[in-house]
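Report on the structure given below.
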Amino acid sequence: MIISNKKILITGAAGFLGSHLCNRLFEQNSVIALDNLSTGRLSNIQNLIDNNQIEFIKHDITNSIDLKNLDLIFNFACPASPPRYQADPIQTTKTSVLGSINMLELAKKNNARILQASTSEIYGDPEVHPQVESYKGGVNPIGVRACYDEGKRCAETLFFDYKRMHDIDIRVVRIFNTYGPNMDPLDGRVVSNFITQALQNKPITMYGDGKQTRSFCYVDDLIDVILLMMESKTLNVSSDFIGPVNIGNPGEFNLIELANLIIELTNSKSKIIFEKEMPSDDPKKRKPDISLAKEKLNWEPKINLRSGLIKTIEYFDKVLKNESSNCCRGPVSRISPRQSA
Ligand code: UDP
């Protein structure tokens with residue numbers, strides 16, 4: 001473990017990536033896990049809370065919060081799945097913009113280092129391929145994805161302005177598509193949809209012609225590089241390196257290849273159906289250029305798509321079996337933390 005004896009705040013801690021950060025950091029640090037549970041699932045971190053290994057605070061970062069003696073802040077709060085972030089787009093923009101201001105103010109008060117979970121979405125539907133950090137992006141500012149894309153772009157602006165004006169110790173990572181255990185089976189993303197559909201022998205819902213590409217990074221690889229980025233001083237690599245840096249797996253696949261691989265690995269009888277149009281502003285291709293991460297952090301992903309999918313399928317298989325056994329015990333088949341919170 002590279003980060004130890006620190007007081008750490010993780011926002012979005014009950015979400016997919018936030019929960020992995022909690023799991024990687026709690027043993028050697030004091031972790032405060034913050035989430036408004038709008039899309040995060042308490043079940044992702046329930047065992048850590050029950051065992052008093054982390055402190056949980058239900059809070060929405062669009063409101064300020066006063067916490068003391070923080071060393072590090074990981075700002076991961078924001079719905080990340082297109083159907084989820086588009087469900088309340090104004091709240092999504094507020095989460096990135098007001099949320100970043102509140103967290104940067106908190107970093108300022110505490111003299112803490114703060115890392116922003118930015119995204120490949122800041123490149124929009126890219127004209128430069130693969131995407132390099134110097135590419136300024138092609139986001140449609142009035143489209144349905146803009147609440148997320150422009151919110152995250154503005155968050156980057158705020159991080160760099162807080163650095164320029166107040167010398168805040170910032171880090172910015174641009175996260176490309178990531179998958180793995182603790183994803184919400186119902187959040188509507190391509191990996192979770194295809195796996196849950198394949199495991200249930202249901203039709204695989206392909207949007208558009210399936211030729212659009214994404215580059216999928218297994219979560220453990222991504223958490224490794226986030227921790228490296230946060231603690232680069234300790235490692236003595238590029239102490240002045242603050243990003244923005246692309247993090248993701250450059251292995252690029254079109255969605256038909258992804259669907260076929262998932263069908264093969266789940267031994268499924270599912271067939272691909274093409275009945276939905278490409279969603280508006282859906283990027284046609286995406287692949288990170290990770291030369292900067294390699295050079296500055298000496299990092300590259302180790303887990304290929306096939307091995308990562310095998311682990312992810314195991315997770316979804318357990319979740320689905322759990323749900324179907326719950327359903328036989330009573331009329332309520334799924335009480336999600338969102339509903340119960
Ligand atoms: N997609 C799909 N079927 C699904 C869910 C998503 O074909 O059931 C497509 C979606 O249109 C996009 C790609 O898969 O082209 C990745 O979508 P996702 O929501 O996972 O994330 P994005 O990279 O677009 O943010």
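The values are calculated or read from the model by the stated rules, or taken from the named source; none is laboratory data. All values reported here derive from a predicted model rather than from experimental measurement. As a convention, Cβ positions derive from the backbone with ideal geometry for all residues, glycine included, and neighbour counts pool all protein chains shown. Calculation scope for accessible area: heavy atoms of the full protein, side chains included, ligands and nucleic acids excluded. Shrake-Rupley method; radii C 1.70, N 1.55, O 1.52, S 1.80 Å.
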Next on the checklist: If the requirement is being of a type outside the set (Lys, Arg), touching a residue at least 24 places away in the same chain (Cβ under 8 Å) and under 21 Å from residue 212 (Cα atoms), which of these qualifies: 140, 63, 110?
Outcome noted: 140
Item to check | Matching residues, region 261-270, being open to solvent by 50 Å² or more (accessible area, probe 1.4 Å) and either within 14 Å of the ligand (Cβ to nearest atom) or without any contact (Cβ under 8 Å) to a residue 60 or more places away in the chain (or both) | outcome: 264, 267
Checklist entry - Does region 173-211 hold any residues that are within 9 Å of the ligand (Cβ to nearest atom), part of a loop (DSSP other than H, G, I, E, B) and either open to solvent by less than 10 Å² (accessible area, probe 1.4 Å) or closer than 21 Å to residue 41 by Cα (or both), and which are they? => result 176, 177, 187, 188, 189, 210
Item to check | Selected residue (criterion: farthest from the ligand (Cβ to nearest atom)) from residues of region 294-312 that are outside any loop (DSSP other than H, G, I, E, B) and open to solvent by 70 Å² or more (accessible area, probe 1.4 Å) | outcome: 295
Checklist entry - What's the number of the condition residue 149 fails, among (1) assigned to a loop (DSSP other than H, G, I, E, B); (2) within 14 Å of the ligand (Cβ to nearest atom)? => result (1)
Item to check | Selected residue (only one of 37, 25 is assigned to a helix (DSSP H, G or I) and either open to solvent by less than 20 Å² (accessible area, probe 1.4 Å) or touching a helix residue (DSSP H, G or I) at 6+ places or on another chain (Cβ under 6 Å) (or both)) | outcome: 25
Checklist entry - Could we say that residue 164 is away from the ligand (no atom under 16 Å from the Cβ) and either more than 20 Å from residue 78 (Cα to Cα) or touching a Cys at 6+ places or on another chain (Cβ under 7 Å) (or both) here? => result yes
Next on the checklist: Considering only residues that are closer than 23 Å to residue 191 by Cα, in a helix (DSSP H, G or I) and among the charged types (D, E, K, R), which ones fall in region 81-102?
Outcome noted: 84
Checklist outcome for this item: Condition set open to solvent by 50 Å² or more (accessible area, probe 1.4 Å) and within 15 Å of the ligand (Cβ to nearest atom), scope region 128-146, selection farthest from residue 244 (Cα to Cα): answer is 144
Checklist entry - Could you give every pair whose Cβ atoms fall below 9 Å, whose first residue belongs to region 282-293 and is within 16 Å of the ligand (Cβ to nearest atom), and whose second residue is among the aliphatic types (A, V, I, L, M), counting only separations of at least 6 or pairs across chains? => result 284/278; 288/132; 288/247
Checklist entry - Are there any pairs, at least 6 apart or on different chains, whose C-beta atoms fall under 7 Å, with the first in region 75-97 and among the small types (Gly, Ala, Ser) and the second open to solvent by 20 Å² or more (accessible area, probe 1.4 Å), and if so, which? => result 81/187; 81/188; 81/189; 96/78; 96/154
Next on the checklist: If I ask for residues that are modelled with pLDDT of 95 or more and either surrounded by fewer than 21 Cβ atoms within 10 Å (Cβ to Cβ) or within 16 Å of the ligand (Cβ to nearest atom) (or both), which ones from region 229-241 would you list?
Outcome noted: none
